[in-house]
């Protein structure tokens, strides 16, 4: 079928297993998550989103490299994300403007998980949703602790 | 940029033009358009059931199969019960001139009403009323036309059966593969517009879902109210008539007028000598319409399309002029879809930052394509 993902062995699933957000998920659960992701290809230097945009999706780096940067900060102050990392996670939790801009440093493949689809996942497959939520909370807690230790503003997460 | 900003006149003009062109093009493939449209409606109506089953551990495929299979079995059972009765009636309709009989009684009711008006309102010019009444025996002509065309109309409806059989089949696949198909289509959206477009699509999907689910609930409530009321009055086929009128009211304004005419014809035939019963049936119809407008509709669908009544009426006439009866039926759903597309395209095209990002990507691709061309 033209748009079917089918049930054959999918290399994407192994890739998703390596993402900290989905570490605890079983293969069958990863298949469900995979059916919700949107794959997007970005060119080197292409902007992914602007600071202040209405954030709606979390992005997982499948390949390539992405930098996030706040507009009012020096050019050399950025966070870099590689394969298996994810960014824009606050968009899954609240309907708020993006706190940073994101740009592809090299040709990059991203997987986008939309908030509406994540909320549907929480309702329909609550065990998967709760595992992802827990992993998300763990990641945010780690970032918060790191920001406190380095005396950084936690809103820069 | 606000998502709620209203569309400008250019977007509206484009929407109306696109609606007319689409209706014109649809005329040739109505056999496909109607089942697709009804499948989408059925998808939104059955989706909550499939969702509940999925929630209880069923796979999407088996849940959709169970719901659609159950629905088909139910329809087959209803058809098995009603078809023999319907077929025997159809064969006797022409012999007994039932349709022309209904029209004749309707015309008699109109005539008796005119006489009553003349009796109680003497200042109305009796000459004018009588002239209008006697003018070329219009009631007899109308009855003859109805009798001549009834068999053609029934045969025309039977031609639709193969197309309508597509509906459960299409609905099943929309239920099972709809989200994957949507994802496949979303791939075509440029990166710059991707997140914004998907957000708008989700909102529209939510709005359309609520509209169709509300419409179905409204139809059931309308059909039940009219059916119970007509049954209490002793009118034949009360619940079928109630259901037909409720479905007809899907066509704004025009549907209500046709529904009222049906009530008059049936009541005037069932109670030919008791005119007040026909008035009672019309009063019941108007009562249900009022309840519909002020109680049921706000409770179910609200006014989700948010189209001005004048625009609605004008577009119904435009739809009728462009593609006849199919235009009357399809104009509102097509206008709704075109409005949504117009709003999305309007919002995306007028966002300078998104346009700049799209052009920047194109420039990056161009630069990459031109790399190494110069000596």
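Figures for the structure shown
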item: Per-residue average of Cβ from other chains inside 10 Å of B:191-201; result: 5
item: Mean residue ellipticity (222 nm) of chain A, computed from DSSP H runs ≥ 4 via -39,500 (n - 2.57), nearest 500; result: -10000 deg cm²/dmol
item: Nitroxide proxy distance, nm - points 7 Å out along Cα→Cβ at residue A:138 and residue B:27; result: 6.4
item: Size descriptor, Kirkwood hydrodynamic radius, that averages inverse alpha-carbon separations across chain A, Å; result: 16.3
item: Chain lengthening between residue A:26 and residue A:123 when straightened (0.36 nm per residue, less Cα-Cα); result: 33.1 nm
item: Order of B:166, B:328 under a 10 Å beta carbon neighbour criterion, fewest first; result: B:166, B:328
item: Inter-label distance, nm, simple model (7 Å from Cα along the C-beta direction), residue B:61/residue B:82; result: 3.4
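FYI, it's all coordinate maths here, none of it is from the lab. All figures in this text were calculated on a predicted structure; none of them were measured in a lab. Here Cβ is always computed from backbone atoms with ideal geometry, including for glycine, and neighbour counts include all displayed protein chains.
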